[in-house]
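Enquirer: A single structure is presented below for examination.
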Amino acid sequence: MSTKLLLIADTHLPKRAKVLPAQVWDEVDAADVVFHAGDWVSVDHLDDLEARSRRLVAVFGNNDHGELRERLPLVARAEIEGVRFAVVHETGAAKGREERCAAEYDDADVLVFGHSHIPWDTTAETGLRLLNPGSPTDRRRQPYCTYMTAVADTGELRDVTLHRLPPRTPDRSARSR
């Protein structure tokens with residue numbers, strides 16, 4: 001049986017956006033498992049995602065403090081449909097990332113990470129797949145806010161898709177008059 005996955009990171013609510021985009025909430029509702037690779041900022045956002053997700057696999061990020069660090073691990077692991085996942089917020093510099101992560105997460109098939117807000121999909125020589133979904137709320141220097149979906153099925157990760165979100169409409173109340 002296949003399992004639908006949603007991968008998000010760096011939501012930074014309510015600092016970078018007031019709410020998670022409706023399109024992402026629709027994906028939460030459709031997913032069997034939601035991965036969040038840290039930088040929540042708000043405990044309320046964690047509560048909302050926990051309540052709405054069928055299953056949540058999540059970690060804290062460098063911008064998460066207090067209760068978020070108490071409730072979430074630095075590294076999370078899950079086996080889904082025979083695919084071994086590890087989730088972490090930071091992986092260090094892009095240069096040498098595959099080799100470093102392959103050594104550190106040698107018991108995983110897929111590493112989901114965040115921090116940079118830059119989408120990433122590569123495979124280390126060892127076979128470890130590294131996925132960063134970007135951010136659905138803070139594109140930084142990227143052209144779009146993004147997230148990923150995938151399917152875990154009989155020991156295989158397939159249909160990995162990077163989704164671009166439409167530009168946000170400016171908050172009218174924040175405009176100067």
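The values are calculated or read from the model by the stated rules, or taken from the named source; none is laboratory data. All of these numbers come straight from a predicted model, not from anything done at the bench. Quick reminder, even Gly has a Cβ in these numbers, built from the backbone with ideal geometry, and neighbours come from all protein chains shown.
Enquirer: Test residue 111 against the criterion of being under 13 Å from the mean Cα position of the chain (by Cα) and surrounded by 20 or more Cβ atoms within 10 Å (Cβ to Cβ), and give yes or no.
Expert: On the way: under 13 Å from the mean Cα position of the chain (by Cα): yes; surrounded by 20 or more Cβ atoms within 10 Å (Cβ to Cβ): yes.
Criteria met by residue 111.
Enquirer: Any idea which residue in region 28-76 is surrounded by the fewest Cβ atoms within 10 Å (Cβ to Cβ), counting only those that are hydrophobic (A, V, I, L, M, F, W, C) and in a strand (DSSP E or B)?
Expert: 75
Enquirer: Considering only region 94-102, I want to know if a residue exists there that is within 14 Å of the chain's Cα centre (by Cα) and either surrounded by 18 or more Cβ atoms within 10 Å (Cβ to Cβ) or of a type in the set (A, V, I, L, M, F, W, C) (or both).
Expert: Within region 94-102, not a single residue is within 14 Å of the chain's Cα centre (by Cα) and either surrounded by 18 or more Cβ atoms within 10 Å (Cβ to Cβ) or of a type in the set (A, V, I, L, M, F, W, C) (or both).
Enquirer: Give region 105-136 a look and list any residue that's touching a Leu at 6+ places or on another chain (Cβ under 9 Å) and of a type in the set (D, E, K, R), or say none.
Expert: 106, 109, 121, 129
Residue by residue, here is whether (1) small (Gly, Ala, Ser); (2) touching a Leu at 6+ places or on another chain (Cβ under 6 Å) holds:
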| residue | (1), (2) |
| --- | --- |
| 12 | no, no |
| 18 | no, no |
| 24 | no, no |
| 27 | no, yes |
| 31 | yes, yes |
| 34 | no, yes |
| 37 | yes, no |
| 42 | yes, yes |
| 53 | yes, no |
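Enquirer: Quick test for you: out of 130, 162, 157, pick the one residue that is touching a helix residue (DSSP H, G or I) at 6+ places or on another chain (Cβ under 9 Å), surrounded by 13 or more Cβ atoms within 10 Å (Cβ to Cβ) and either closer than 26 Å to residue 22 by Cα or modelled with pLDDT of 95 or more (or both).
Expert: 130
Enquirer: Every residue in region 6-27 that is loosely packed, with under 13 Cβ neighbours inside 10 Å and free of Cβ contacts under 8 Å to residues at least 40 places away in the same chain, please.
Expert: Matches in region 6-27: 22, 26.
Enquirer: Which of the residues that make up region 76-92 are at pLDDT 95 or above and over 20 Å from residue 33 (Cα atoms)?
Expert: Passing the criteria: 90, 91.
Enquirer: Does region 1-27 hold any residues that are of a type in the set (Gly, Ala, Ser) and assigned to a loop (DSSP other than H, G, I, E, B), and which are they? Step through it out loud before you land on a result.
Expert: Here is the first cut: in region 1-27, the residues of a type in the set (Gly, Ala, Ser) are 2, 9, 17, 22.
Within region 1-27, 2, 9, 17 meet the criteria.
Enquirer: Take the conditions touching a helix residue (DSSP H, G or I) at 6+ places or on another chain (Cβ under 9 Å) and in contact (Cβ under 8 Å) with a residue 12 or more places away in the chain and apply them to residue 86. Does it pass?
Expert: yes
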